[in-house]
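Q: Pasting in a structure now, in structure tokens, and then I'll have a few things to ask.
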Amino acid sequence: MQSLSDLQVVVVGGGIGGLSSACYLADAGADVTVLEKNEQLGGRASRLEREGFVFDMGPSWYLMPDVFERFFEHFDREPEEFYELERLDPHYRIFYKDGEASSLPDAPSRGSSDSQDHRVIDISPDRAENRELFESIEPGAGEAFEEYLATSETHYRTAMEQFVYEDRSRLRDWIDLDVMRAAPIGFQLLGSMQGHVEDYFQNPKLQQIMQYTLVFLGGSPENTPALYNMMSHVDFNLGVYYPVPKDGDGPGGVGVVVDAIAELAEELGVTFETDSEVDEITRRKDAFHVETVDGDIYRPDRVVVNADYRHAEQELMPEHERQYDADYWEGRTYAPSAFLMYLGVEGDVEELAHHTLVLPEDWDPHFEQIFDRPAWPDDPAYYLCVPSKTDDAVAPEGHSNLFVLVPLAPGLRDTEALRERYREEILEDVAANTGVDLRNRIVVEETFAVDDFVDRYNATEGTALGLAHTLRQTALLRPNNRSSAVDGLYFTGSFTTPGIGVPMTLISGEHAAQALAEDR
């Protein structure tokens, strides 16, 4: 990247994308200031601390370690200089809602076993064990598993090299020989994930295993393109990890990764201003005018926006400086919001793994209540995270740290009465389907839902993730990271390319910084 030593840049928002952009720009010599609305950095990857419990408020899966290695390598550093990784075993556990808690097996299914009913299964870090598990559920599925992963790995490598690390957010960026060579693979995978997975597996449980990662992309099996089958390579081949502090002192989790990127940024000269909510961005003749709600004014040469894209354009900028109008944003498909419960619990929860999924036998109605008929789901698929299974520092001695995440439709009505009713339903569902009754053991409790995503992150319709990865919102069909209306204005984060998730927004920050440098 060319020298930017004479430029002043303000980054609006200290989420992963904003932190990433700040690092690349400062490394190129720019004078970078990050303005963050909230009291801490990380955006949705914030921490919540209550009475000795430390919760990751948002992202809790450390996936795609190669992306983090590549990021730090750009600065001649390694992740190991900041944090260490523990590979989880199991990667995650799945409870299927096709029986009662009293029928739960003594141990989860793992590998082949004629005696198991596969009511509860563990996904192992050992690929051979997972192949045996698939074969035990459906004859022939072991071989199909290997074929599926081989295809998934090919698609992952092609996608990352040609369409993720390379920013192709403009039509002219696709006129490239390497892209043309890769195009046949992409065109073959424009159908839905559901149709693609059905070509390999007939058993609904196996289909769900291959598609649960769609939650990380904010989509459903019916509206997410099959090209995202590459996520199975991420899941089964690259592994699932938990980050812990390098010195072993203090709690781990995704917050440790935020700390690492922020530490690197400070070493590169980035200035951070937290509790600095921006309420105006406009272009003046000689520079930008960026003003906070407290009246602080900044006059940078360039601006990178890591805030919610729609909020920034519709609420912070004058109409003549917007790329997209209100109709455009109303026509987008937003990724789900979520109902979250952060729970400090007395005692252990032996039945649960670090990552646990609870899935109904038919999850289509839940997806319909997210994308087609918005409502608080009647029979939800949901996720339980128990980091205290791996990390003693996230909970007081003799207690468990646990949070529950139920995907919800964005824009749902959100009231205390609805939350209380749903809380009772979910806790009852957890008891019935995992055998863990939490109701009389909770000592710390916080909830977070649609309205909180709006209040804390200015999230459009309370989305927890950004724009869903539908076919109409993939690659160059996502909002551009260059403003077409204002020279010197750039966007990063989960609304633009390459998309949703911590690894993708980390790369998005690089794209925004590269675009700024190229335009210079």
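Q: Could you figure out which of (1) under 30 Å from SER508 (Cβ atoms); (2) free of Cβ contacts under 8 Å to residues at least 24 places away in the same chain; (3) of a type outside the set (A, V, I, L, M, F, W, C); (4) touching an Asp or Glu at 6+ places or on another chain (Cβ under 9 Å) isn't true of PRO365?
A: (1)
Q: Considering only residues that are of a type in the set (Lys, Arg) and outside any strand (DSSP E or B), look in region 274-290 and name the one that is surrounded by the fewest Cβ atoms within 10 Å (Cβ to Cβ).
A: LYS285
Q: Is it the case, given these coordinates, that GLU143 is assigned to a strand (DSSP E or B), modelled with pLDDT of 95 or more and surrounded by fewer than 16 Cβ atoms within 10 Å (Cβ to Cβ)?
A: no
Q: Right, another one. Could you give every pair whose Cβ atoms fall below 8 Å, whose first residue belongs to region 261-287 and is of a type in the set (Lys, Arg), and whose second residue is buried (at least 19 other Cβ atoms within 10 Å of the Cβ), counting only separations of at least 6 or pairs across chains?
A: Correct list of pairs: ARG283/VAL486; ARG283/GLY488; ARG283/LEU489.
Q: Follow-up. State which residue pairs qualify: first residue in contact (Cβ under 8 Å) with a residue 40 or more places away in the chain and inside region 310-338, second residue aromatic (Phe, Trp, Tyr) and surrounded by 11 or more Cβ atoms within 10 Å (Cβ to Cβ) in any location, beta carbons under 6 Å apart, and separation of 6 or more residues or different chains.
A: From residues that are in contact (Cβ under 8 Å) with a residue 40 or more places away in the chain, the pairs are ARG310/TRP329; SER337/PHE453.
Q: Right, next: Going by the conditions given, is LEU467 among the hydrophobic types (A, V, I, L, M, F, W, C) and touching a Lys or Arg at 6+ places or on another chain (Cβ under 7 Å)?
A: It is true that LEU467 is among the hydrophobic types (A, V, I, L, M, F, W, C) and touching a Lys or Arg at 6+ places or on another chain (Cβ under 7 Å).
Q: With respect to GLU73, is the statement that it is at pLDDT 95 or above, within 23 Å of the chain's Cα centre (by Cα), over 21 Å from GLY493 (Cβ atoms) and assigned to a helix (DSSP H, G or I) true?
A: yes
Q: Still on this structure, please answer the following. Could you pull out the residue among VAL404, VAL430, VAL386 that is within 25 Å of ALA468 (Cβ to Cβ) and touching a residue at least 12 places away in the same chain (Cβ under 8 Å)?
A: The conditions single out VAL404.
Q: List every residue pair whose Cβ atoms sit under 8 Å apart, with the two residues 6 or more apart in sequence or on different chains, where the first one lies in region 213-242 and is free of Cβ contacts under 8 Å to residues at least 60 places away in the same chain and the second, anywhere, is assigned to a loop (DSSP other than H, G, I, E, B) and among the aliphatic types (A, V, I, L, M).
A: ALA226/LEU189; ALA226/LEU190
Q: I would also like to ask the following. Please go through region 292-310 and give me each residue that is crowded, with 18+ Cβ neighbours inside 10 Å and either of a type outside the set (Val, Ile, Thr) or assigned to a loop (DSSP other than H, G, I, E, B) (or both), ordered by number.
A: Correct list: TYR298, PRO300, ASP301, ARG302, ASN306, ALA307, ASP308, TYR309, ARG310.
Q: For region 227-273: of the residues being closer than 23 Å to PHE53 by Cα and acidic (Asp, Glu), which is surrounded by the most Cβ atoms within 10 Å (Cβ to Cβ)?
A: ASP259
The rows are residues; the columns are (1) assigned by TED's automatic domain parsing to the domain that holds ALA513; (2) out of contact with any Ser or Thr (no Cβ under 6 Å at 6 or more places or on another chain); (3) at pLDDT 80 or above.
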{"residue": "ALA182", "(1), (2), (3)": "no, no, no"}
{"residue": "VAL197", "(1), (2), (3)": "no, yes, yes"}
{"residue": "TYR200", "(1), (2), (3)": "no, yes, yes"}
{"residue": "MET231", "(1), (2), (3)": "no, no, yes"}
{"residue": "GLY253", "(1), (2), (3)": "yes, yes, yes"}
{"residue": "GLU273", "(1), (2), (3)": "yes, yes, yes"}
{"residue": "SER276", "(1), (2), (3)": "yes, no, yes"}
{"residue": "ILE281", "(1), (2), (3)": "yes, yes, yes"}
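Q: Here's something else I'd like to know. In region 12-51, which residue that is assigned to a helix (DSSP H, G or I) and among the hydrophobic types (A, V, I, L, M, F, W, C) is surrounded by the fewest Cβ atoms within 10 Å (Cβ to Cβ)?
A: Top of the filtered list is ALA26.
Q: Still on this structure, I have one more. Could you check, for region 115-122, whether at least one of its residues is in a loop (DSSP other than H, G, I, E, B), within 19 Å of ALA353 (Cβ to Cβ) and either among the small types (Gly, Ala, Ser) or at pLDDT 95 or above (or both)?
A: The answer is no; no qualifying residue exists.
The values are calculated or read from the model by the stated rules, or taken from the named source; none is laboratory data. Computed from a prediction, not measured in an experiment: that's the story for all the values here. Reconstructed Cβ throughout: ideal geometry from the backbone, glycine too, with neighbour counts over all protein chains shown.
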